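The values are calculated or read from the model by the stated rules, or taken from the named source; none is laboratory data. All of these numbers come straight from a predicted model, not from anything done at the bench. All Cβ positions, even for glycine, are placed from backbone atoms using ideal geometry, and neighbour counts span all protein chains on display.
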Amino acid sequence: MDYICDVNLFGRDDSSEQVLKQINGLECKRNNILSIRLDLAVSMSSDKIDLFAGQFCRFDRQILTTKSTLSCVLYSPSGREYY
C-alpha cells in the first residue's frame, strides 16, 4: 500500500540532509508520494526544487511544484547520489 510521506522544512533548515532524515524517520518506501513543504514565510528557490526533485523524485511520474511545495512519487528513500 502506498503512503504519503509528509516532509516539513522550517526556516533555513531546508537541506537535502534534513529531507533525507525525515524520509528515513517516516519509514518512507519507494513509490510513496513525497510531499515536501516549506514554512510559508519562506519560498523555495527553483534551484532548491530542482535539487530535491533530482535527488528524490521519479521522473516517469508527475512532479507538482509551487513556491513552497514539491509533490512527487518517491524514487528511493536513500535518494540519488551526486558524483
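For region 32-51, the tally of residues that are in a loop (DSSP other than H, G, I, E, B) and at pLDDT 95 or above stands at 1. Residues in region 52-70 that are buried (at least 18 other Cβ atoms within 10 Å of the Cβ) and either modelled with pLDDT under 90 or under 16 Å from Glu81 (Cα atoms) (or both): Phe52, Ala53, Phe56, Cys57. Scanning region 60-83 for residues that are in contact with a Phe, Trp or Tyr (Cβ under 8 Å, 6 or more places away or on another chain) and aromatic (Phe, Trp, Tyr) yields a single hit, Tyr75.
Evaluation of Lys29 against the conditions (1) within 23 Å of Gly11 (Cβ to Cβ); (2) in contact (Cβ under 8 Å) with a residue 24 or more places away in the chain; (3) not β-branched (Val, Ile, Thr) shows that the sole unmet condition is (1). Here Arg80 qualifies as exposed (fewer than 14 other Cβ atoms within 10 Å of the Cβ), in contact with a helix residue (DSSP H, G or I) (Cβ under 9 Å, 6 or more places away or on another chain) and either among the acidic types (Asp, Glu) or farther than 15 Å from Val7 by Cα (or both).
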